[in-house]
Amino acid sequence: MKQSKTFIPTLREVPADADVKSHQLLLRAGFIRQSTSGVYSYLPLGKKVLANIEKIVREEMDAVGGNEVLLPALQQAELWQESGRWEHYGPELMRLKDRHNRDFALGPTHEEVITALVRDEVKSYKKLPLTLYQIQTKFRDEKRPRFGLLRGREFIMKDAYSFHATQESLDETYDDMVQAYKNIFTRLGLNFRAVIADSGSIGGKDTHEFMVLSEIGEDTIAYSDTSDYAANIEMAEVKVDYSAPDVDMTELQKVETLDQKTIEDVAAFLEVPASNIVKTLVFKVDEELVVVLARGDHEVNDIKLKHALDAETAELATDEEIVELLGSHIGSLGPIKLPVGVKVVADHAIKSIRNGVAGANEDGYHYTGVNPGRDFAVDAYEDIRFIQVGDPSPDGEGTIKFAEGIEVGHVFKLGTKYSEALNGMFLDENGRNQPFIMGCYGIGVSRVMAAVAEQYQDAYGFTWPQQVTPYDVHLITVNTKDDAQNELSEDLYKLLTSYRYDVLHDDRKERAGVKFADSDLIGLPVRVTVGKKAVDGIVEVKVRQTGETFEWAKEELIDRLNNLLKTTN
Ligand code: ATP
Ligand code: MG
């Protein structure tokens with residue numbers, strides 16, 4: 001492709017509203033443009049990168065038996081009402097009406113549509129298992145669209161859905177998918193981890209997220225420093241055996257603590273470590289107010305709390321609700337002498353408190369000499385705190401460290417949640433009607449593009465890996481008024497393309513400095529510069545990622561280039 005004939009609007013300045021490196025460069029190097037908040041156009045270079053990512057995704061999906069389909073983006077409300085998500089999905093669902101005033105949504109995901117499709121077509125176990133996938137535009141009215149393609153309101157996703165007669169069959173496909181995802185992200189050159197995750201609003205229990213390690217990641221991953229254990233901190237289990245130290249119990253005493261409200265204040269004022277203070281919170285779990293206890297040096301994890309209590313929602317109660325329940329404000333709450341019937345859930349670490357401190361449910365007062373069991377009862381001890389750096393890894397190997405991650409993929413075992421809701425049934429071997437057992441598997445294709453862009457760049461621009469790059473070679477004619485240079489450039493263009501290299505030929509009548517700056521910005525893996533030595537048939541070859549340069553004669557170019565690309569990223 002001749003650069004003079006394509007559309008690569010590069011920018012010299014860093015766009016003011018772009019907050020992360022990948023977004024800045026995708027705009028500056030002319031890969032994308034914003035249309036409106038969270039909505040983007042892919043320009044020719046961006047479209048080529050997308051196509052490369054999609055190709056890898058397709059190959060790996062096909063390899064595990066996926067069949068590509070294309071489902072509608074426009075989805076009738078009835079399907080979402082059947083699954084219950086018309087209400088539950090909330091404001092993220094883009095809703096609209098047709099001319100007959102009927103409700104529709106623009107698909108944020110396709111469980112409903114695909115379950116209805118398979119329900120109507122597949123009636124027997126003989127047609128199972130079945131895996132269908134698509135690569136399609138999704139719509140989610142995100143509260144905070146940001147970081148460019150990383151969190152859009154319109155974005156491209158690969159979503160796959162599998163249908164099974166048995167749990168074993170689902171387990172098999174799930175494992176195949178996990179492997180396919182590992183292949184995909186490895187081929188894309190991404191530094192990623194597969195982590196244990198929360199299933200969010202889709203439902204289902206067994207689920208993994210694929211996280212690209214990156215400082216701009218919105219999720220925190222807890223990982224072991226010695227094994228391959230990794231989990232979203234939302235989910236990471238804490239496996240520590242807590243017991244109280246072997247010291248005598250002292251008397252319970254009420255002490256005035258005045259304005260000491262935070263754990264740090266109380267710890268300093270009473271000269272006790274935070275780990276010997278009972279932190280008391282009140283959560284609204286579904287509709288019930290529950291007293292939740294954790295150690296002062298720990299944080300309560302609302303997602304684990306929700307799971308532990310098998311609830312749909314768990315949110316901190318409001319100030320008014322707390323005062324009504326316990327008679328005091330945050331800062332003096334405690335588990336002692338609670339009103340009858342109030343449920344108390346404690347993190348396991350509470351067991352380690354001996355002669356500790358807790359609020360007295362009276363503003364300005366705390367108790368000292370507090371001992372669980374003797375001074376207050378706990379209905380259930382559960383694992384409800386966030387894991388911390390330095391905790392033992394739950395797999396028993398090593399200690400926990402944290403890293404930030406970008407979620408690029410997500411696999412779930414859905415079970416029968418959607419087949420039951422939408423009446424998706426098949427006849428099993430014994431002629432009995434059973435709901436399909438389902439799995440679903442997503443990859444944020446456009447988010448992946450941003451993740452690769454974030455990882456592959458330096459001070460001058462992109463450093464695309466070969467699998468993703470929009471073109472393989474940037475052929476640059478330094479002086480387009482020079483016949484020898486033009487002629488050699490044309491020859492090399494033909495030669496390279498005949499060897500299946502995808503070549504971008506900078507034939508523009510621009511200054512050399514502009515061409516080199518744009519070339520660094522766009523970041524193709526190899527630059528072939530045709531300059532003054534063109535008369536002798538010699539060109540300069542530069543590897544973008546390493547900065548290495550070579551002078552090669554025209555005749556040796558192809559062989560040497562083939563070798564070079566075999567040994568670099
Ligand atoms: P997140 O926690 O980031 O909102 P999610 O759990 O809502 O993600 P899924 O419903 O699992 O995401 O969607 C599958 C994949 O689609 C995600 O792993 C992610 O890579 C991608 N994705 C989700 N939301 C967006 C978005 N707003 N913009 C771009 N990609 C997205
Ligand atoms: Mg989301």
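None of the figures in this text is laboratory data; all of them are computed from the coordinates on show. Source: prediction; values computed, not measured. Every residue, glycine as well, gets a Cβ built from its backbone with ideal geometry; the counts of neighbours run over all protein chains shown.
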TODO: Evaluate the relative contact order of segment 473-568 (contact order divided by residue number), counting alpha-carbon pairs under 8 angstrom at least 6 apart; express in whole percent.
DONE: 29
- [ ] Just order 123-133, 425-435 by mean Cβ neighbour count inside 10 Å, highest at the front, would you?
- [x] 123-133, 425-435
Open item on the list: Could you check the spin-label model distance between residue 365 and residue 10? Points 7 Å from the Cα along Cα→Cβ, value in nm.
Closed with: 7.3
Task: Taking 221, 303 and counting other C-beta atoms within 10 Å, the order from fewest to most - done: 303, 221
- [ ] Would you pull out the residues with amide H under 5 Å of residue 229's amide H, same chain only if 5 or more places away, H placed 1.01 Å from N?
- [x] 224
TODO: Would you kindly state how much longer the chain becomes between residue 433 and residue 259 on full extension, computed as 0.36 nm times their sequence separation minus their alpha carbon distance, in nm to one decimal?
DONE: 56.2 nm
Open item on the list: For a quick check: sort 568, 469, 368, 549 by the number of other beta carbons within 10 angstrom, fewest at the front.
Closed with: 549, 568, 368, 469
Task: Computed lengthening from residue 237 to residue 220, 0.36 nm per intervening residue step minus Cα-Cα distance - done: 4.7 nm
Task: Packing-based exposure ordering (other Cβ within 10 Å, fewest first) of 138, 494, 48 - done: 494, 48, 138
Open item on the list: From the helices alone, meaning DSSP H stretches of at least four residues, give me the mean residue ellipticity at 222 nm for the chain, per-run term -39500 (n - 2.57), in deg cm²/dmol to the nearest 500.
Closed with: -8000 deg cm²/dmol
Task: segment 409-502, relative contact order [Cα under 8 Å, separation at least 6], % - done: 19
TODO: Could you estimate the translational diffusion coefficient of the chain from the Stokes-Einstein equation, with Rh from the Kirkwood formula over C-alpha pairs, at 25 °C and 0.890 mPa s, in whole µm²/s?
DONE: 89
Task: Point-charge dipole on Cβ atoms (K/R +1, D/E -1) for the chain, about Cα centre, debye to 20 - done: 2540
- [ ] Please name which of 57, 301, 46 has its Cα lying farthest along the dipole of the chain towards the positive end, using unit charges on Cβ (Lys, Arg +1; Asp, Glu -1) and the Cα centre as origin.
- [x] 46
Task: Net charge, residue 561 excluded, C-beta distance under 15 Å - Lys, Arg +1, Asp, Glu -1 - done: -1
Open item on the list: Can you tally the net charge around residue 391? Count Lys and Arg as +1, Asp and Glu as -1, for every other residue whose Cβ sits under 11 Å from the Cβ of residue 391.
Closed with: +2
TODO: May I ask what percent, to the nearest 5, of DSSP beta bridges between residues of segment 253-382 are antiparallel?
DONE: 65
Open item on the list: Please compute the contact order of the chain in relative form: average sequence separation of alpha-carbon pairs under 8 Å and at least six residues apart, divided by the residue count, as a percent.
Closed with: 17
Task: Total formal charge among the other residues, if their Cβ is under 11 angstrom from that of residue 91, Lys/Arg +1 and Asp/Glu -1 - done: 0
